[in-house]
């Protein structure tokens, strides 16, 4: 009996232990663990995201460039959709049946229990009749949001546009969920984290038909959306609009900078487009812009890399002055020889010194100047590396924007390793790479870099990082100015005046006087005509004004503009006049109209 009595207690203990385990587990699940409670709660709650309005953008004078307007997304939860009149819904939201079927298919594939967008960015005039009849379409509801609007219709490539997030965006930043929107290009992308704000969440009680019956828990767990931060750009809206007018029906770019601050006054890339084209349901418009052979979405100001042509010549003169291989009185003959094969393309007095060399854009003068730099050192490679170091101190051959982390081209200032591979180490010299003396060959720059380079000349040896945003709001809604680095070139300030005198002579003592000279403002500039094997040559002009205490530095690059003085120089001078005087003198209005009317989209232009 004792033996069986012991077994009885063991069995009783075993079952008691099992009961205790189940009891503890049930207590944990029902009292401590909130998971199942949450599952039950989810059946009667709807979690609605409140999207904040993106931050506004202003120009330097507080003219509104970008604001928001109301829009709505039609959402659906596939599990809750009941049979409905598809034709009626399509007519209300202005889509065809095929689009609706495809949207519903994607929603079911994503989740039968979670909401998915069916029609995005419905305008207010469509939302009103939809809201009245939404009860006829069970399983559908409307999500409010905002979309961008561009009242000035300018600076499309600079401001950028907003688009739906990709899976890559979601993977990189947990803030984003499917159906959210993000800055895709321009300042919208560069300042996305400031502009986007913070999403809020509201919880609603819903009935068995998923109809909202009221707020949950008196809104105690709701979170409010935080508006995006507003931005003050450096752009001058009036100057930007005027530059786009002058550049219509052309290909190229204009960049103007305030030299003393590095603030970009205008950045134009043409052909351009109305930024409102990429607002709302933009599928057809975006496809048309992508297919356009003139590439209006392409920002030529920061992405296109061109040879600078003769606008590069002042740098070679500055380097030679710094290296002591010339002074402002050193003269070179314009007659070519076997050892100096570059000849002048037009007649002028010879020999020429620095000021005349810049004024006449004398190719032999700058070839000899370039050669003097390279030959100062025992080996061509050594001289070339010194030359390259000086060139890059002007911001060429590298990305210089503190804002556009993608899209900006570095251009190209070739390295010695490139020529060693191409010609063989020790088998090239100044004569071999002589095209660099006149801004051709392997040398490539962006219009953005050109404007920054002429800013450095205007400042007599330094530039401020060129930028497009002056200030951003902080958490207290106060605008806080951003600070940018001051960068010095490798050329001493004492050498700039001789170059600047030559650039003044370019405007006042040559044929440029007819199109670029202003009576009341001293403009210092340099033309460039860039060889183009695929059509008419390109027209280039860099300038700054006034000569002392400069307020604007500008680069104009026009593809197929034939030569620098024909289009680039007059357009630059008109922009300088407009910015500094807020008007165009009657004497120059016929020139202004001629620039507006010029159509250079055909690459084959008459000389």
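The values are calculated or read from the model by the stated rules, or taken from the named source; none is laboratory data. It should be emphasised that the depicted structure is a prediction, and the values quoted were computed from it without experimental measurement. FYI the Cβ positions are ideal-geometry reconstructions off the backbone, even for glycines, and counts take in every protein chain you see.
Listed here are the residues, each with its yes/no results for (1) assigned by TED's automatic domain parsing to the domain that holds residue 90; (2) under 25 Å from residue 295 (Cβ atoms); (3) not in a helix (DSSP H, G or I).
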position	(1), (2), (3)
107	yes, no, no
112	yes, no, yes
125	yes, no, no
132	yes, no, no
154	yes, yes, yes
157	yes, yes, no
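Being more than 16 Å from residue 312 (Cα to Cα) and crowded, with 16+ Cβ neighbours inside 10 Å is the requirement here; does residue 513 meet it? Full working, then the answer.
On the way: more than 16 Å from residue 312 (Cα to Cα): yes; crowded, with 16+ Cβ neighbours inside 10 Å: no.
Spelling it out, it is not the case that residue 513 is more than 16 Å from residue 312 (Cα to Cα) and crowded, with 16+ Cβ neighbours inside 10 Å.
Does residue 406 count as part of a loop (DSSP other than H, G, I, E, B), surrounded by fewer than 16 Cβ atoms within 10 Å (Cβ to Cβ), in contact with a helix residue (DSSP H, G or I) (Cβ under 7 Å, 6 or more places away or on another chain) and in the same structural domain as residue 371 (by TED's automatic domain parsing)? Please lay out each step first, then the result.
Values: part of a loop (DSSP other than H, G, I, E, B): yes; surrounded by fewer than 16 Cβ atoms within 10 Å (Cβ to Cβ): yes; in contact with a helix residue (DSSP H, G or I) (Cβ under 7 Å, 6 or more places away or on another chain): no; in the same structural domain as residue 371 (by TED's automatic domain parsing): yes.
So residue 406 does not fit the description; no.
For residue 395, are the conditions met, namely being under 21 Å from residue 484 (Cα atoms), buried (at least 20 other Cβ atoms within 10 Å of the Cβ) and within 20 Å of the chain's Cα centre (by Cα)?
Details: under 21 Å from residue 484 (Cα atoms): yes; buried (at least 20 other Cβ atoms within 10 Å of the Cβ): yes; within 20 Å of the chain's Cα centre (by Cα): yes.
Criteria met by residue 395.
Looking at the stretch 569-592, which of its residues are surrounded by fewer than 12 Cβ atoms within 10 Å (Cβ to Cβ) and either within 20 Å of residue 555 (Cβ to Cβ) or touching a helix residue (DSSP H, G or I) at 6+ places or on another chain (Cβ under 9 Å) (or both)?
Of everything in the stretch 569-592, those that are surrounded by fewer than 12 Cβ atoms within 10 Å (Cβ to Cβ) and either within 20 Å of residue 555 (Cβ to Cβ) or touching a helix residue (DSSP H, G or I) at 6+ places or on another chain (Cβ under 9 Å) (or both) turn out to be 582, 583.
Restricting to helices (runs of 4 or more DSSP H) lying wholly in the stretch 444-559: which have 1 or more residues that are in the same structural domain as residue 590 (by TED's automatic domain parsing), on the phi < 0 side of the Ramachandran plot and modelled with pLDDT under 95?
Working: elements: 447-458, 496-508, 513-516.
Helices (runs of 4 or more DSSP H) meeting the threshold: 513-516.
Which one of 445, 454, 469, 433 is closer than 30 Å to residue 568 by Cβ and more than 23 Å from the chain's Cα centre (by Cα)? Show your work before the answer.
Values: 445 fails: more than 23 Å from the chain's Cα centre (by Cα); 454 fails: more than 23 Å from the chain's Cα centre (by Cα); 469 fails: more than 23 Å from the chain's Cα centre (by Cα).
None of the others qualify; the one that does is 433.
So, residue 539, is that one closer than 27 Å to residue 362 by Cα and touching a residue at least 24 places away in the same chain (Cβ under 8 Å) or not? Full working, then the answer.
Values: closer than 27 Å to residue 362 by Cα: yes; touching a residue at least 24 places away in the same chain (Cβ under 8 Å): yes.
Criteria met by residue 539.
Specify which of the listed residues (279, 254, 270, 264) is at pLDDT below 95 and either surrounded by 16 or more Cβ atoms within 10 Å (Cβ to Cβ) or outside the structural domain of residue 540 (by TED's automatic domain parsing) (or both). Let's see the steps before the verdict.
Working: 254 fails: at pLDDT below 95; 270 fails: at pLDDT below 95; 264 fails: at pLDDT below 95.
Residue meeting the stated conditions: 279.
Can residue 569 be described as farther than 19 Å from residue 241 by Cβ, without any contact (Cβ under 8 Å) to a residue 24 or more places away in the chain and not in a loop (DSSP other than H, G, I, E, B)?
Values: farther than 19 Å from residue 241 by Cβ: yes; without any contact (Cβ under 8 Å) to a residue 24 or more places away in the chain: no; not in a loop (DSSP other than H, G, I, E, B): yes.
So residue 569 does not fit the description; no.
Could you identify the single residue in 133, 177 that is surrounded by fewer than 19 Cβ atoms within 10 Å (Cβ to Cβ), more than 30 Å from residue 266 (Cα to Cα) and in contact with a strand residue (DSSP E or B) (Cβ under 9 Å, 6 or more places away or on another chain)? Before you say what the answer is, go through the steps one by one.
Working: 133 fails: in contact with a strand residue (DSSP E or B) (Cβ under 9 Å, 6 or more places away or on another chain).
It is 177.
Looking at this structure, is residue 602 surrounded by fewer than 18 Cβ atoms within 10 Å (Cβ to Cβ) and outside the structural domain of residue 269 (by TED's automatic domain parsing)?
Working: surrounded by fewer than 18 Cβ atoms within 10 Å (Cβ to Cβ): yes; outside the structural domain of residue 269 (by TED's automatic domain parsing): yes.
Taking the combined requirement at face value, the residue satisfies it.
Looking only at the stretch 42-57, decide whether some residue is closer than 19 Å to residue 130 by Cβ, under 29 Å from the mean Cα position of the chain (by Cα), in a strand (DSSP E or B) and modelled with pLDDT of 90 or more. Talk me through it step by step, then tell me what you get.
Taking the stretch 42-57 as the starting set, the residues that turn out to be closer than 19 Å to residue 130 by Cβ are 46, 48, 51.
Next, from what is left, pick out any that are under 29 Å from the mean Cα position of the chain (by Cα): 51.
This time we only want the ones that are in a strand (DSSP E or B), so: none.
No, the stretch 42-57 contains no residue that is closer than 19 Å to residue 130 by Cβ, under 29 Å from the mean Cα position of the chain (by Cα), in a strand (DSSP E or B) and modelled with pLDDT of 90 or more.
Pick from the stretch 343-366 the residues that are in contact (Cβ under 8 Å) with a residue 40 or more places away in the chain and touching a strand residue (DSSP E or B) at 6+ places or on another chain (Cβ under 8 Å): which of them is surrounded by the fewest Cβ atoms within 10 Å (Cβ to Cβ)?
For the stretch 343-366, the residue satisfying everything is 360.
Please find, among 64, 74, the residue that is within 22 Å of residue 115 (Cα to Cα) and at pLDDT 75 or above.
Working: 64 fails: within 22 Å of residue 115 (Cα to Cα).
Sole residue among the options that is within 22 Å of residue 115 (Cα to Cα) and at pLDDT 75 or above: 74.
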